[in-house]
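The values are calculated or read from the model by the stated rules, or taken from the named source; none is laboratory data. Quantities reported herein were computed from a predicted structural model and do not represent experimental measurements. In this analysis, Cβ positions are derived from the backbone assuming ideal geometry, glycine residues included, and neighbour counts consider all displayed protein chains.
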Amino acid sequence: MKFKRKELDPAGFQMAPMIDIVFLLLSFFIITWKWSNDETELDISLPTTAEGAEAIRTSAGEKIINIREDGTVIVDKKPLTLDELYEKMKNLAALYKNQPIRLRVDRKTESQHLIDVISTCNKAGIWNVSFVTLKPQPEEN
């Protein structure tokens, strides 16, 4: 008995799944880019670093705390009291053991405001705190 072998057509390139993947990647990059720019307060005048200081790389998932000149603490675009900041940091510390925190402090802020925020973070169990500064601008002659 002779069996007929039916040969299958070669599989073609499927365009629909490729378009789906491209749109998923595009939406991922747009969302992460938007999320990284949400935390910066535009009315904070950052101090400059010393010459020769190395830049700290930002890490994924870090929380940014902005401290304005008048001592107002801004997190996630909302002004918070120190008690509210404590609760927020306590919840973060409970979720993530080594939660990184970035402090963006206005250069004219009194040091007491900065000390209060660092103490609040420390009380809440956050130890991984760093500062955001600007690179020094070259002097023009």
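Here is a yes/no grid of residues against (1) under 18 Å from the mean Cα position of the chain (by Cα); (2) in contact (Cβ under 8 Å) with a residue 12 or more places away in the chain:
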residue: 62; (1), (2): yes, yes
residue: 69; (1), (2): no, yes
residue: 84; (1), (2): no, no
residue: 95; (1), (2): yes, no
residue: 104; (1), (2): yes, yes
residue: 107; (1), (2): no, yes
residue: 111; (1), (2): no, no
residue: 123; (1), (2): no, yes
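What is the one condition in (1) modelled with pLDDT under 70; (2) part of a loop (DSSP other than H, G, I, E, B) that residue 11 does not satisfy?
Failed condition: (1).
Would the stretch 60-69 turn up any residue that is small (Gly, Ala, Ser), in a loop (DSSP other than H, G, I, E, B) and at pLDDT below 90?
yes
Can you report the number of residues in the stretch 93-105 which are more than 15 Å from residue 130 (Cβ to Cβ) and surrounded by 16 or more Cβ atoms within 10 Å (Cβ to Cβ)? Write out each step before concluding.
Initial filter on the stretch 93-105 (more than 15 Å from residue 130 (Cβ to Cβ)): 93-97.
When the remaining residues are screened for being surrounded by 16 or more Cβ atoms within 10 Å (Cβ to Cβ), the result is 93.
Number satisfying all stated conditions: 1.
Out of all the residues in the stretch 106-128, which are buried (at least 19 other Cβ atoms within 10 Å of the Cβ), of a type in the set (Ser, Thr, Tyr) and modelled with pLDDT of 90 or more?
Passing the criteria: only 120.
Take residue 107 and tell me if it is among the charged types (D, E, K, R) and closer than 28 Å to residue 32 by Cα. Steps first, answer last, please.
On the way: among the charged types (D, E, K, R): yes; closer than 28 Å to residue 32 by Cα: no.
Here the answer is no, as residue 107 does not meet what is asked.
Return yes when residue 137 is modelled with pLDDT under 90 and either polar (S, T, N, Q) or assigned to a strand (DSSP E or B) (or both) and no when it is not. Let's see the steps before the verdict.
On the way: modelled with pLDDT under 90: yes; either polar (S, T, N, Q) or assigned to a strand (DSSP E or B) (or both): yes.
Spelling it out, residue 137 is indeed modelled with pLDDT under 90 and either polar (S, T, N, Q) or assigned to a strand (DSSP E or B) (or both).
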